[in-house]
Amino acid sequence: MFRNQYDSDVTVWSPQGRLHQVEYAMEAVKLGTATVGLKNRDVAVLVALSKPSSELSASQRKIIPIDDHLGISIAGITADARVISRYLRSECLSYKHSYGSAYPVSRLITNLGNKMQTTTQRYDRRPYGVGLLVGGYDEKGPHIYQVTPSATFYNCKANSIGSRSQSARTYLERNLDKFLNSSNEQLICDGIQAIHGSLPTDELQSNNEDAPQLNITIAIVGKDQPFKILNELETKKYLSMAKLKGTPAEPSRPDDDEASTSRPDQADSGPRDPEVAVATEEL
């Protein structure tokens, strides 16, 4: 069922200047489990929560390596993320072959944003239904970028996307000042504590660290540190360190992210969703 007569095509504007199909794609990001990205002076860290769709299946991969200096964490439609990751890998390989060096992260994200933006203005395409947190390192230092389905991207100090991610963002905002001077181990523990905040209270209080809801993936990249996804033993070590460190982020409520989602009968009221724009670098 359509929200109204203006959301049947991605190229149709509503009288309020909104593209509803693009806004629907933004909502797809909230269907994926939460993921967190944060950085200090030397490294960028990605922490992702993976949940299997059922007890009979394995969990989807949430962190995808792109190059030695770059990787992405996803929330949303996994198939769309595979297409984007294949494009990013191709761009990195072509740049390395042509110039003999790693692709600058900001330039790569700009090109990705321009590619994603074309799908928001053609009737024969649809916006990508996946949000990205990009962790990378180049000559300018570590980077965390958020890329949205509307093709807007942000250069972040720390951020979280996905289902119930508001509690994780609250934890990151409260501790933002100390991230820059944190050690790598402390930074990873902060990422784990932030991601724990996206769990419902009953799951958070579970003492079984092997439970599906605590299937956490951690990746790190930085100075003299190629992009690396930590193995199971290393992940368990940091989970234990984070547990000893203190209380995690405040557990999320079911309506953390849904509260900002407009209902079908409230199509043009309340705060507006992010506008569609050609991606430009945010300083």
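Placing pseudo-labels 7 Å out from each Cα toward the beta carbon at Asn184 and Ser14 gives an inter-label distance of 4.7 nm.
Listed cross-link partners Lys30/Lys115; Lys223/Lys243; Lys30/Lys223; Lys96/Lys157 are compared with a 24 Å cut-off, the Cα-Cα value being larger for Lys223/Lys243; Lys30/Lys223; Lys96/Lys157. Of the residues Met241, Met116, Met26, the one with the largest accessible area comes first in the ranking Met241, Met26, Met116, computed with a 1.4 Å probe on protein heavy atoms.
Taking a probe of 1.4 Å, how large is the accessible area per residue of the stretch 1-103, in Å²?
Working: 5070 Å² over 103 residues.
Per residue, the stretch 1-103 has 49 Å² of solvent-accessible surface.
Placing dummy labels 7 Å off each Cα toward the beta-carbon, the span from Gln121 to Arg86 is 2.6 nm.
With only alpha-carbon pairs counted, each pair once and no self-pairs, how large is the Kirkwood hydrodynamic radius of the stretch 1-94 in angstroms? Don't skip to the answer; put the middle values down first.
Details: mean 1/r = 0.0626 Å⁻¹.
Across the stretch 1-94, the inverse of the average 1/r is 16.0 Å.
Between the DSSP loop rule and a limit of at most 14 other Cβ atoms within 10 Å, which chymotrypsin sites (Phe, Trp or Tyr not before Pro) in the stretch 1-103 are left? Intermediate results must be reported in sequence, preceding the final value.
Numbers: sites: Phe2, Tyr6, Trp13, Tyr24, Tyr87, Tyr95, Tyr99; in loops: Phe2, Tyr6, Trp13.
Loop-located and lightly packed - Phe2, Trp13.
Here the simple spin-label model places points 7 Å from the Cα toward Cβ, and for Arg61 and Lys245 these points are separated by 2.6 nm.
The values are calculated or read from the model by the stated rules, or taken from the named source; none is laboratory data. Nothing here was measured: the structure is a model prediction, and the numbers come from that model. A quick note on method: Cβ atoms are made from the backbone with ideal geometry, for glycine too, and the neighbour counts reach across all protein chains shown. With ligands, DNA and RNA removed, areas are computed over all heavy atoms of the protein, side chains included. Shrake-Rupley method; radii C 1.70, N 1.55, O 1.52, S 1.80 Å.
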